[in-house]
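Everything below concerns the one structure shown next.
The values are calculated or read from the model by the stated rules, or taken from the named source; none is laboratory data. All figures in this text were calculated on a predicted structure; none of them were measured in a lab. Glycine also receives a Cβ, built like all others from the backbone with ideal geometry; neighbour counts cover every protein chain displayed. When the accessible area is computed, the model is the full protein with side chains, heavy atoms only, and any ligands, DNA or RNA have been set aside. Shrake-Rupley method; radii C 1.70, N 1.55, O 1.52, S 1.80 Å.
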2 protein chains.
Amino acid sequence: MNSSTVNCEALAKRLTQSGLRPTVQREVVYKAILEKRNHPSTDEIFARVREQMPTISLATVYNCLETLVQCGLIKQVNFERAPTRYCPNLYEHAHFHDDATGEVHDIAVPAEMMDRLRALLPPGYKAANIELSFRGGVMHTRN
Amino acid sequence: MNSSTVNCEALAKRLTQSGLRPTVQREVVYKAILEKRNHPSTDEIFARVREQMPTISLATVYNCLETLVQCGLIKQVNFERAPTRYCPNLYEHAHFHDDATGEVHDIAVPAEMMDRLRALLPPGYKAANIELSFRGGVMHTRN
DNA sequence: AATTCTATTTGGAATAGTTCCAATTCCTAC
DNA sequence: GTAGGAATTGGAACTATTCCAAATAGAATT
C-alpha cells in the first residue's frame, strides 16, 4: 500500500462523510495536487489531470477543486488577483511568493503566533480564517 | 485651508517627485478614496468620482489607482479573488473582512508584531511586503 | 504666442479566470 | 432493471481588468 492509496482512502472517507460521492475525477484531481506540492494553479492542475484522464473537462476540475476545498482537503492560495492556486498542506502556515521565480513556498507558523495574531482583533471579532502572506525575494548566500 | 487641500498638496508633491503630473483626474480619484475610508472597490470609486467629474472614464480611474499605488499614496487590498479595494491608511495594518456585512475594517498591527512575522521566514528570505488578513464575523455584545 | 514633445486621458475592444447552464452520464437505492 | 439524484461536460456568459490607438492636455523651447 503506497501513500497515494492511503490519501485516496482518506479522500473517499471525507467525501462520503460529507454526503458526497468519491468519483474518479475527484480522486484524479486530488492526486494531481498531491503529486507535486508546488501550489499549482487550476490550469496546471488541469494539465496534470489530463495526462491521466484526457477527457476530463475544465469545468469538472473547477468543480472538484471547490469540493475538495469545502471538504477541507486542500486550501486555496491567492496572491493579489493572480490565478488561484491550491495547496494540500493542512497545517496552519503562511505563504511566501518569490517575485523572481513566481514560486510559492510554505512558511511554518507556530500555533502560538496564530494566537498572537488573533489577539490583535478588537473584542467581538471572531476570525474564521487568518491569511498571512509574504512577497519578496530569496538571497542566495554562498557557504 | 481644509484637510483635503493639505492632502492634495501632498498628492501633487508626491506625483511631481516621481516625475508624474498632478492631473485633476488623479486628484479627484485620490479625494474619492479619502472621502469615505471604507475600502472602496474600483466600481465604487468610479461612481464617487463621476459625481465630481461625469466625463471621467473607467480606464482613467484604473490608471490613476495604479499610479497612486505606485507612489505609495494608497494601498491595494485583496480578499480571495474579489474585486480589488483601496485603502489610504499607510500605517502597517491588517484587514478584517466581515462575512456578514462585506465590510472591511483596519486592524492595527504593532511594528514589533511585524518583526515577529518577518522572523518566521527562513534565512535569506526578504519580504518586500507582508499581508495579513482576517475573515470572519463580529459578535455584537449588549452593554 | 506658436510649436514641439511627451504624458495622460479616453472609449472601446480584448483578455483571462472563473462561473453558469442545460443536457448527458453515472451511481445508488429500491 | 428502473427511478432519482448527483456529478460531469462543453460551451456560453460573466466580470474585473488590461490593452490599444487616437485624441487631448501641459510643459518646455523657440
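Some values worked out for this structure:
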read-out: The listed residue being away from every other protein chain (no Cβ under 14 Å), assigned to a helix (DSSP H, G or I) and either at pLDDT below 95 or more than 9 Å from DNA strand C (Cβ to nearest atom) (or both), out of A:L15, A:L20; value: A:L15
read-out: Some residue of region B:1-11 being surrounded by fewer than 18 Cβ atoms within 10 Å (Cβ to Cβ), in contact (Cβ under 8 Å) with a residue 24 or more places away in the chain and within 13 Å of DNA strand C (Cβ to nearest atom); value: no
read-out: Yes/no for B:A100 being within 14 Å of another protein chain (Cβ to nearest Cβ), assigned to a loop (DSSP other than H, G, I, E, B), open to solvent by 40 Å² or more (accessible area, probe 1.4 Å) and out of contact with any Cys (no Cβ under 9 Å at 6 or more places or on another chain); value: yes
read-out: Residue, farthest from the chain's Cα centre (by Cα), within region B:72-92, restricted to residues that are assigned to a strand (DSSP E or B) and either surrounded by fewer than 17 Cβ atoms within 10 Å (Cβ to Cβ) or among the basic types (K, R) (or both); value: B:R85
read-out: Residues located in region B:45-71, provided they are in a helix (DSSP H, G or I) and open to solvent by 100 Å² or more (accessible area, probe 1.4 Å); value: B:R50, B:E51, B:Q52, B:Y62, B:E66, B:Q70
read-out: Number of the exception - A:T42 against (1) open to solvent by 30 Å² or more (accessible area, probe 1.4 Å); (2) under 30 Å from A:D98 (Cβ atoms); (3) touching a Ser or Thr at 6+ places or on another chain (Cβ under 7 Å); value: (1)
read-out: Residue count for region B:14-66, restricted to those that are near DNA strand D (Cβ under 10 Å from one of its atoms), within 12 Å of the chain's Cα centre (by Cα) and small (G, A, S); value: 1
read-out: Condition check for A:P122: open to solvent by less than 70 Å² (accessible area, probe 1.4 Å) and within 17 Å of A:L34 (Cα to Cα); value: no
read-out: Region A:125-143: number of residues that are buried (at least 19 other Cβ atoms within 10 Å of the Cβ) and more than 14 Å from B:R135 (Cα to Cα); value: 2
read-out: A:A32 vs. criteria surrounded by fewer than 18 Cβ atoms within 10 Å (Cβ to Cβ) and hydrophobic (A, V, I, L, M, F, W, C); value: no
read-out: Qualifying residue in region B:116-131 (condition: within 16 Å of DNA strand C (Cβ to nearest atom) and modelled with pLDDT of 95 or more); value: no
read-out: Complete set of residues in region B:103-143 that are of a type in the set (D, E) and more than 7 Å from chain A (Cβ to nearest Cβ); value: B:E103, B:D106, B:E112, B:D115
read-out: Residue match in region B:31-38 (condition: without any contact (Cβ under 8 Å) to a residue 40 or more places away in the chain and of a type in the set (S, T, N, Q)); value: no
